[in-house]
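Structure first, then comments.
The values are calculated or read from the model by the stated rules, or taken from the named source; none is laboratory data. In this text, all values refer to a predicted model and were calculated from it rather than measured experimentally. Note: ideal-geometry Cβ built from the backbone for every residue, glycine included; neighbour counts use all protein chains shown. These area figures cover heavy atoms from the full protein model, side chains too; ligands, DNA and RNA do not enter into them. Shrake-Rupley method; radii C 1.70, N 1.55, O 1.52, S 1.80 Å.
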Amino acid sequence: MPIVFNEVSHAYGGNPEHLALDHVRFHIQDGQFVGIIGPTGSGKSTLLQHFNAILRPTDGKAQVLDFLILPGEKIHEVKRLRQRVGLVFQFPEQQLFADTVEHDLCYGPMNFGATEAEAKLLAIAALEQIGLSPDLLSRSPFQLSGGQMRKVAIASVLAMNPDVLVLDEPTATLDPRSREEFMTLLHTLCRTQNKTVIVVTHRLDEVLPFTDHLLVMHEGKLVFEGSNIALYEHAEKLPTWRMAIPKPFRILQACEQMTNNPLANHVRQDGTRATFAPSWVAEQIHLLFQTLQRDDSGGVPCSNDSS
Amino acid sequence: MQQRFILGRVIATDSWVHKLDPRAKMTCMLIFAVITVLLHSLVDFVAVTIVSQLILLSTRIKLTMFWKAVRPLRYLMLFIFLFQLFLEKGGHLLLSWGPIQFYSEGIITAVFTVWRMSLLVTFTALLTFTTTPAMLTQALEDMLKPLKIFRISPQAIALMLSIALRFIPTILEETERIVKAQASRGADLKDLPWKDKAKAMIALLVPVTVCAFRRAEELVNSMEARGYKLGEPRSKFFRLTWHRQDTYFLLIFILIGLFVIWQ
């Protein structure tokens, strides 16, 4: 079942002056890797809390899996929704509380009705999914390193075996290498287990290599919905949404100008997903210049010549 | 969660009360607290209520804001009301229903107690609504100077208070996030039965306490890194000056006090 938001608005305290989401409308397919991006205060975190009904719309309706979330209405079996939609808040390591990693990992599954033995199996599986050794189970979560604590906290949500995994700025405060490792890990979960992964971030370049679908938020409104390449075509709008144009976009735009060859047409013909990862960018630059050489038999025109 | 907490929030309307010396306001609050305890007749209550409400009105802050400060105490006030109503046996018997008996004195004491509490809470909100925490702590430091005789540092007390006030919203924000995170893991405090609520509180209190200690450590390090040393002489950002209005404000309360005692 997909996730469909239909004209969803949310005003904190029901006060229209505190409108954080303004008639948001989008559609997410099963098993997609989705990036929700936007500057600080754009409504990203408010939006993600609607996925498991921590917040409910004050207007409009949201369909998440087979649950319909309507304004002011209590959802039947909200616990089941929260089991199926695992929500990881910013700095999840700060939610850890138990004396051992095992108890923390088992907390979610046991709240959702698993027996102690079942919960332990789920905990081990979640640790392995996230790339940590089951030896950590007996350790205190407070003795782990910052990165390990974050992984354990995400594993504590994965242990509930959710169909949808929603993460708010999962890589905040991590170093560049750990950030990439983390995103790769989430991408692997999405591809190998067909989980829908929704990542909220303000770093566009971080999610670009992985996303199937992008949503851009600005001042509580959804200002863009589409693929990576569609966003590339609208890149000039990013600064108006208070976001910087990512480096891969700028490099390819420059190459496009030099070769006078639109990248998007070329990518669409090719049919592959535009990842904007360094290797993909290098390949596209090579292809752009190769086409130019074929057309022009040498020489690179200046961008002024195209006019 | 933060929106429900009214106390500790400054509402800037630039009224004459806002401009008063915080030491004057703090002294008057203390006098007012004593006055509310001394109130014993309807005339006292009505007179003090009129004067206090007029002062509140003169701040140009909506009266409803002051009364919102009473909201968090409503259950405690209800409990005190019922406690007085059932246990005070003076005066005439008004109603007898099985073991439950209401006496006239019980009703009067119950009403007066709740009235007294409301007056105290609404009026003390005036101090926090019209004074910034920085001014408040500086005034406190100034007023606690005599404690130096007993080797108690007023600077330390004022610093503790200012840090505590500064971190109330931050810790509330963190608590709210952890409540939501635990709700996402199937432990929603709102939906849980009472016996499970206590268990779920551990999942909330441990991370909140850990966060508070982490923040405290970061704060200590950052203050020390910038050369802060407790007890060293420091210049003040605000300079407190006592004006004629402060004396008049203080006089109003002394007069109310005298009126209540004379009554």
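Considering the dipole of chain A built from charges on the beta carbon (Lys and Arg +1, Asp and Glu -1) around the Cα centre, which of A:Gln284, A:Leu81, A:Val197 is farthest to its positive end?
The residue sitting most towards the positive pole is A:Leu81.
Could you grab the relative contact order for the stretch A:24-134? Cα pairs under 8 Å, six or more apart, rounded to a whole percent.
Normalised by residue count, the contact order of the stretch A:24-134 is 13 percent.
In the protein assembly as shown, what percentage of the DSSP-assigned beta bridges are antiparallel, given to the nearest 5?
Percentage antiparallel, nearest 5: 55.
Spelling out what I want: for every residue of the stretch B:203-213, take phi, set θ = phi - 60°, compute 6.51 cos²θ - 1.76 cosθ + 1.60 (Karplus), and round to whole Hz; glycine and proline get x.
5, 9, 5, 4, x, 5, 5, 4, 4, 5, 5
Please compute how much accessible surface disappears when B pairs with A, both sides summed, using a 1.4 Å probe, and round it to the nearest 100 Å².
Buried area (both sides, nearest 100 Å²): 1900 Å².
How big is the charge dipole of the stretch B:154-225 about its Cα centre, in debye rounded to the nearest 20, if each Lys and Arg gets +1 on its Cβ and each Asp and Glu gets -1 on its Cβ?
280
Expressed as a whole percentage, what fraction of the accessible surface of the protein assembly as shown belongs to carbon and sulfur atoms when a 1.4 Å probe is rolled over the protein heavy atoms?
Summing carbon and sulfur atoms, their accessible area is 60 percent of the total for the protein assembly as shown.
Just to check, using Stokes-Einstein with a Kirkwood Rh over alpha carbon pairs, what's the diffusion coefficient of the stretch B:104-211 at 20 °C and 1.002 mPa s in µm²/s?
The diffusion coefficient I find is 120 µm²/s.
Report the one residue of A:Ala264, A:Met110, B:Ile100 whose Cα lies farthest in the direction of the positive end of the charge dipole of the protein assembly as shown (charges on C-beta: Lys and Arg +1, Asp and Glu -1; origin at the Cα centre).
Of the listed residues, the answer is B:Ile100.
Using a 10 Å cut-off on Cβ to Cβ distances, tally the other chain neighbours for every residue of A:106-115 and report the average as a whole number.
Mean partner shielding for this stretch: 3.
Looking at A:Leu222, A:Leu132, B:Leu39, which one has the Cα that reaches farthest to the positive end of the dipole of the protein assembly as shown (charges on Cβ: Lys, Arg +1; Asp, Glu -1)?
The one lying farthest along the dipole's positive direction is B:Leu39.
Mind pulling the angle between the C-alpha long axis of helix A:278-296 and the longest principal axis of chain A? Nearest 10 degrees, somewhere in 0 to 90.
Orientation of helix A:278-296: about 20 degrees from the principal axis.
Quick one: dipole size for the stretch B:6-146, taken about the Cα centre, charges +1 on Lys/Arg Cβ and -1 on Asp/Glu Cβ, in debye to the nearest 20.
I would put it at about 380 debye.
What list of ³J(HN,Hα) values in whole Hz, one per residue of the stretch A:129-135 in order, does the Karplus curve 6.51 cos²θ - 1.76 cosθ + 1.60 (θ = phi - 60°) give from phi, with Gly and Pro shown as x?
Once rounded to whole Hz, the list reads 4, 8, x, 10, 7, x, 4.
Kirkwood Rh, the protein assembly as shown, all Cα pairs: how many Å?
Over the protein assembly as shown, the inverse of the mean reciprocal pair distance is 28.7 Å.
Which residues make up the longest stretch of chain B clear of trypsin sites (Lys or Arg not before Pro) that lie in a DSSP loop with no more than 11 other Cβ atoms within 10 Å, not counting the sites?
B:1-88
Counting only the backbone N, which residues of the stretch B:208-234 are under 18 Å from the spot 7 Å out from the Cα of B:Phe167 toward its beta-carbon?
Residues B:208-226, B:228-230 qualify, since their backbone N sits under 18 Å from the label point.
Apply the Karplus curve 6.51 cos²θ - 1.76 cosθ + 1.60, θ = phi - 60°, to the phi angles in the stretch B:9-17 and return the couplings in whole Hz, x for Gly and Pro.
10, 7, 10, 7, 10, 6, 7, 5, 5
Could you work out the relative contact order of chain A? I mean the mean sequence separation of Cα pairs under 8 Å and 6+ apart, divided by the number of residues, in percent.
Relative contact order for chain A comes out at 21 percent.
For chain B, what is the convex hull (Cα atoms) projected area averaged across all directions, in square nanometres?
Result: 19.8 nm².
Full extension from A:Ala254 to A:Glu17: what is 0.36 nm times the residue separation minus their Cα-Cα distance, to one decimal in nm?
81.1 nm is the gain from fully extending A:Ala254 to A:Glu17.
Per DSSP H run of n ≥ 4, the term is -39500 (n - 2.57); total these for chain B, divide by its residue number, and report the mean residue ellipticity at 222 nm rounded to 500 deg cm²/dmol.
Rounded to the nearest 500, it is -22500 deg cm²/dmol.
What number in nm² do you get for the stretch B:5-119 if you take the convex hull of its Cα atoms and divide its surface by four?
Its average projected convex-hull area is 8.4 nm².
Where nothing but the Cβ of Lys and Arg (+1) and of Asp and Glu (-1) is charged, how large is the charge dipole of the protein assembly as shown around its Cα centre, in debye to the nearest 20?
With only Lys, Arg, Asp and Glu charged at Cβ, the dipole is about 2160 debye.
Over 22 Å between Cα atoms, which of A:Lys79/B:Lys199; A:Lys151/A:Lys195; A:Lys221/A:Lys247 qualify?
In this structure, A:Lys221/A:Lys247 exceed 22 Å between Cα atoms.
Apply the Kirkwood formula to the stretch B:24-78: the hydrodynamic radius equals the inverse of the mean of 1/r over all pairs of different alpha-carbon atoms; give it in Å with one decimal.
Roughly 12.7 Å, rounded to one decimal.
At q = 0.22, 0.24, 0.26 Å⁻¹, what log₁₀ I(q)/I(0) does the stretch A:247-298 have when each alpha carbon counts as one equal point scatterer in the Debye sum?
The Debye formula, applied to the Cα set alone, gives -0.78, -0.93, -1.07.
In cubic angstrom, how much convex hull volume per residue do the alpha carbon atoms of chain A span?
Each residue corresponds to 143 Å³ of Cα convex hull volume.
Quick one: which residues, 5+ away or cross-chain, put their amide H under 5 Å from the amide H of A:Gly60? H built at 1.01 Å from N.
Residues meeting the amide H criterion: A:Ser9.
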